[in-house]
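Throughout, read-outs are computed from the coordinates displayed, never taken from laboratory work. Source: prediction; values computed, not measured. Methodologically, a virtual Cβ is constructed for each residue, glycine included, from the backbone with ideal geometry; neighbour enumeration extends over all protein chains shown.
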Amino acid sequence: MLGKTQVSILDLFRKNVFLKTSIKGIADRLKKSYPRVYEAVKGFEKECILKIERIGRSDIVSIDLNEKTVSFLAFLDEQEAFKKNLPHNQKILSIKEI
């Protein structure tokens, strides 16, 4: 189960797939505490959802677009669609080919 901070981080990268920023940058954008964001990002790195690369003296975080990550992002898209109550949403989701 994902916590609020984890969902916020994934949502940030879902809305900007090419985002590359520091952990502090993520914390500032989400208005969350640095330690909480750091812990979540490190967890995502272990799960191969986010990548952390050392550039100079900074750790830069970006999304690792693999099958697992795309699955998480698709789940967040689906949850957002349910919240918006889009017309014909259930019909679309019931199509087995999708």
Projected label distance in nm at Ile92 and Asp64, using a 7 Å step from Cα toward the beta-carbon: 3.0
For a quick check of your reading of the filter: which chymotrypsin sites (Phe, Trp or Tyr not before Pro) in region 16-93 sit in a DSSP loop and have no more than 11 other Cβ atoms within 10 Å? Phe18
Under a GNM of the chain (C-alpha, springs under 10 Å), which listed residue has the highest mean-square fluctuation: Val37, Val17, Val61? Val17
Among Gly25, Gly56, Gly43, determine the one that fluctuates most according to a GNM of the chain built with springs between C-alpha atoms less than 10 Å apart. Gly56
Angle in degrees between helix 34-46 and the longest Cα principal axis of the chain, rounded to the nearest 10: 70
In the Gaussian network model of the chain, springs joining C-alpha atoms below 10 Å, which of Lys68, Lys15, Lys83 carries the largest mean-square fluctuation? Lys83
Need the list of aspartates and glutamates near Lys42 for cross-linking: C-alpha distance under 14 angstrom, and skip anything on the same chain fewer than eight residues off. Glu53, Asp59, Asp64
Looking at [x] 16.9; [y] 6.0; [z] 7.3, which value of mean projected area of the Cα convex hull in nm² comes from a calculation on the structure shown? [z]
Once both labels are modelled 7 Å past Cα along the beta-carbon direction, what's the Ala81-Asn16 spacing in nm? 2.6
